[in-house]
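Chemist: Here it is: the structure, laid out below.
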Amino acid sequence: MLVIDDVQWCDEASLRWLGFLLRRAVDLPLMVMLTQRTGGGEAKAELLDGIGDTVSRLTLDLAPLDSGTVGEMLHTAFGMRPAPAFTAKCAEITGGNPFLVHGVVNRLRADSLLPVADRVGSLDELGRGVVAHSVLGRLPESVHAVARAVAVLGGENVEMIAALAGTQTGTVLAAVETMRANDVLLGDGLDYAHDLIRRAVLRATPDGEQLALRERAARLLNDTGRPAEEVAVQLMLLPTDPDPWMVDVLRVAAVSAEQRGAPAAAAQYLSRALQHDQDDVVLLVASARALAQTDPETALEHLERVLALVSDPRTRGPLVVQYALTSLGAQNSVRAFELVGEVLDAIEREIGQDPAPADRTLRTLVESVYLISGLDEKSTVGAVGRRFRDYAPPRGDGPEERQLLAMLSSLGALQGAPAATVIAQATRALRIDDVTAGGWEVLGSSLSLYLADEIDPALTALTSLIDHVQRRGEAWTCILCASTRAQVYLWAGNVREALSDAQFALDIMLQESWTPRMVVPQVALASALIRRGEAARAEGLLELVTRPRLDQFTLEYNSYVMARARARAALGDPDGALTHLRRCGDSLAEAGIANPVLAPWWFDAAVILAELGRRHEGLEILERTEEDVRRWGTPRARGMATMARGALTPGDAGIELLTDAAQTLAESPGRLENAGAEYLLGRRLHARGDDEGARKRLRQSIDLAVLCRDRLQLDLSLPALIEAGGRLRRGTASPTDALSGSERRVADQAVAGATNREIAESLFLTQRTVEFHLTSVYRKLGIRGRQELAEVMAEVPPGRIDD
């Protein structure tokens, strides 16, 4: 049971987390109890309403305590039955509020007053004083200034309270003792016993005086060198527009918040600062940067405003770059592409044929972002290709050149240029170990590298980038990177790690309420689930995708349609799968994408058509693709093409082709495809009567499937082995298969030596959640602690399959 009191005072991020928890906890043996005070609060009403709409909820509206219940409280407190008139008066003056009833009881006991009929008059006076001021009405007038200072600053030292109250330290100490004696302060500190008391003090303070106190408190904190974010707490509560010195503090506070990985807080500070001058270009740009990860639409509005105020191409260049990168999260790349093209043309006209180094760097940066924005949607891919058709790639000496190289490699990969060419460009882009904002040199290079089967460099770069964006709190980029790494793991035949990364990305996406904006986490998780034998769950996940204009996007749409096709095929609907696959082929042709392995619809279609006996259709598709395969040239691509032709070719010729495919794929990282080739070859050999050869091939298929945790292939290969006279001698499961994706990620970091706090910070979890996951890991693996974890988490060899 998780109990959270006064949920109306939660910050926005905590409320989003609660909503995420409630949506995910429907089937868990967990009760979440939230209490919300009605009549106002600091939290956003729509977030509280969203929590209230959670499935399986029970809402109880708590009425004030009735007279009978107040009487029970008085009976418990005094050990005697209170007089009915006394009980009625107590219920009347407290309004049935249990907190105030307790306050009245404590005051009665302190004054040795009993709940008898002849004390009703005393109760009326005493109780109303408690209710009106939460015992503040009994404090001397000399204490009130200190009480107000404590309500504004709270928890500060005596000297700071004295300065704010405009009095001496000794006076503050005396006032504090009086407040403690009256149960106003908590323990030995300078915090109120309950926030209701603090709020009562502030309500009793005239608005003008309260405003002056808050401004003076901010000046005191600022003058004594307190961190800008502490000063900003006071400034955020001022209803008036900030003065120039306040704007400077808010600006510094925003920088501090960004550095500690809190872009939402930075955005709030900058929004407050903008009230001073709505056309402050520097503040608008900083605010847009902070909002890019959480509210890209508002960020773009700020940047549109800035661009309307700036005309110089050299000044507009970086602004348009920021606009284009922010547009990726708002599905606004077509507009961004137009702006980038305009400013690139203007810069080239401005700088001429012999630009200064700074101008050359700016042009390179804008060119790289022209590629980033232009490759996002299918309608602009052709224009990008035409602009860079004869472009000489840079050497990669600086971050701008490396980003440009990375995106040129991505363009080459999409166009199906020789893999060796894009590998060279991507490798040069990653030769220096640092990342720019957004890490596009890593994302662009990793796409080219993993498609070209350079798996390790892609994984190393993505892991470094994920660590970087986690430290900065860049959740949107973290989702994109984790989803990409999941795809790389699946491409390398590591279903377990693909599941872990994809679930991690999906969890963050749901927690941040970005479901309508993103597709890659769902596609990555669905693709891995299909391989794990959970095609129905994968299809259900894909059916929840609601992103507008999805069919216009270059990478997301094609990977989405491929996942839909594979789910249909795994569920026994080959015709439905073929419909999706042909749609993918049409989409790729529309965008001019010629890479044969980016979304290998032709391969899946050929294998399905071979199973259906529709050889001529399969061969027609294959013949249109084989030239692209030869140009790309990786062993995996060549092996897949040979495997597809072998599946479509009957008799010994087909067996020979499948044998060549299996050998070629064995020399590539394509373990999933290799397992499939061995399976098809084993079936063919069995059909020809060569059961011994069939069993050998099917055993190899099963071993690869076990190594990859590929349940989809296992469910095909195991029955085929039995049909060929083979049998399974021992199990194929690893004890770590019982771990969920979250448990696996936590366990991996624990094995690497990370503390619980470090794990929590890097995975966007609480320390308590990390402890919960580790306890579950120990239980599932039958171990007692971290000492045994590393040994158990080591890779378990695949099961042995024999005749």
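Chemist: Within the range 204-212, can one find any residue that is in contact with a Phe, Trp or Tyr (Cβ under 8 Å, 6 or more places away or on another chain), under 30 Å from LEU173 (Cα atoms) and either assigned to a helix (DSSP H, G or I) or in contact (Cβ under 8 Å) with a residue 24 or more places away in the chain (or both)?
Modeler: The answer is no; no qualifying residue exists.
Chemist: Given LEU213, LEU185, LEU235, LEU190, which one is more than 22 Å from GLU141 (Cβ to Cβ) and crowded, with 18+ Cβ neighbours inside 10 Å?
Modeler: LEU235
Chemist: Counting just the residues of the range 297-308 that are surrounded by fewer than 22 Cβ atoms within 10 Å (Cβ to Cβ) and not hydrophobic (A, V, I, L, M, F, W, C), which one comes out nearest to GLU342 (Cα to Cα)?
Modeler: Looking at residues that are surrounded by fewer than 22 Cβ atoms within 10 Å (Cβ to Cβ) and not hydrophobic (A, V, I, L, M, F, W, C), I get GLU304.
Chemist: Tell me, please, whether a residue that is open to solvent by 20 Å² or more (accessible area, probe 1.4 Å), assigned to a helix (DSSP H, G or I), in contact with an Asp or Glu (Cβ under 7 Å, 6 or more places away or on another chain) and closer than 26 Å to PRO263 by Cβ can be found in the range 420-434.
Modeler: Within the range 420-434 (the criterion being open to solvent by 20 Å² or more (accessible area, probe 1.4 Å), assigned to a helix (DSSP H, G or I), in contact with an Asp or Glu (Cβ under 7 Å, 6 or more places away or on another chain) and closer than 26 Å to PRO263 by Cβ), the answer is no, since none of the residues qualifies.
Chemist: If a residue must be surrounded by fewer than 23 Cβ atoms within 10 Å (Cβ to Cβ), touching a residue at least 40 places away in the same chain (Cβ under 8 Å) and out of contact with any Lys or Arg (no Cβ under 6 Å at 6 or more places or on another chain), how many such residues does the range 635-670 contain?
Modeler: 2
Chemist: Here's something else I'd like to know. In the range 752-762, what residues are out of contact with any Leu (no Cβ under 8 Å at 6 or more places or on another chain) and crowded, with 19+ Cβ neighbours inside 10 Å?
Modeler: ALA760
Chemist: Assuming SER311 fulfils every condition listed in (1) under 15 Å from SER368 (Cα atoms); (2) open to solvent by 10 Å² or more (accessible area, probe 1.4 Å); (3) among the hydroxyl-bearing types (Ser, Thr, Tyr) apart from one, which condition is it?
Modeler: Of (1) under 15 Å from SER368 (Cα atoms); (2) open to solvent by 10 Å² or more (accessible area, probe 1.4 Å); (3) among the hydroxyl-bearing types (Ser, Thr, Tyr), only one is false for SER311: (1).
Chemist: Does VAL321 meet the test of being part of a helix (DSSP H, G or I) and without any contact (Cβ under 8 Å) to a residue 40 or more places away in the chain?
Modeler: Answer is no for this residue.
Chemist: Still on this structure, please answer the following. Test each condition in (1) surrounded by 24 or more Cβ atoms within 10 Å (Cβ to Cβ); (2) in contact with a Phe, Trp or Tyr (Cβ under 7 Å, 6 or more places away or on another chain); (3) of a type outside the set (Phe, Trp, Tyr) for ILE621 and report the one that comes out false.
Modeler: (1)
Chemist: Same structure again: Given the structure, is GLN749 at pLDDT 85 or above, of a type in the set (S, T, N, Q), under 21 Å from the mean Cα position of the chain (by Cα) and surrounded by 15 or more Cβ atoms within 10 Å (Cβ to Cβ)?
Modeler: Taking the combined requirement at face value, the residue satisfies it.
Chemist: Which residue pairs have Cβ atoms closer than 6 Å, lie 6 or more positions apart in sequence or on different chains, and pair a first residue in the range 518-540 that is within 21 Å of THR477 (Cα to Cα) with a second residue that is open to solvent by 10 Å² or more (accessible area, probe 1.4 Å) and assigned to a loop (DSSP other than H, G, I, E, B)?
Modeler: Final answer for the pair search is VAL519/VAL545; VAL519/ARG547; GLN522/VAL545.
Chemist: Something else now. Pick from ALA413, ALA417: which is in contact (Cβ under 8 Å) with a residue 40 or more places away in the chain and in a loop (DSSP other than H, G, I, E, B)?
Modeler: ALA417
Chemist: Which condition number does VAL770 fail, the rest of (1) in contact with a Lys or Arg (Cβ under 9 Å, 6 or more places away or on another chain); (2) modelled with pLDDT under 85; (3) surrounded by fewer than 21 Cβ atoms within 10 Å (Cβ to Cβ) being met?
Modeler: (3) is the only condition that VAL770 fails.
The values are calculated or read from the model by the stated rules, or taken from the named source; none is laboratory data. Everything numeric in this text was worked out from a predicted model, so none of it was measured. Neighbour counts are summed over all protein chains in view; Cβ atoms, including those assigned to glycine, are modelled from backbone coordinates with ideal geometry. For accessibility, only protein heavy atoms count, side chains too; no ligands or nucleic acids. Shrake-Rupley method; radii C 1.70, N 1.55, O 1.52, S 1.80 Å.
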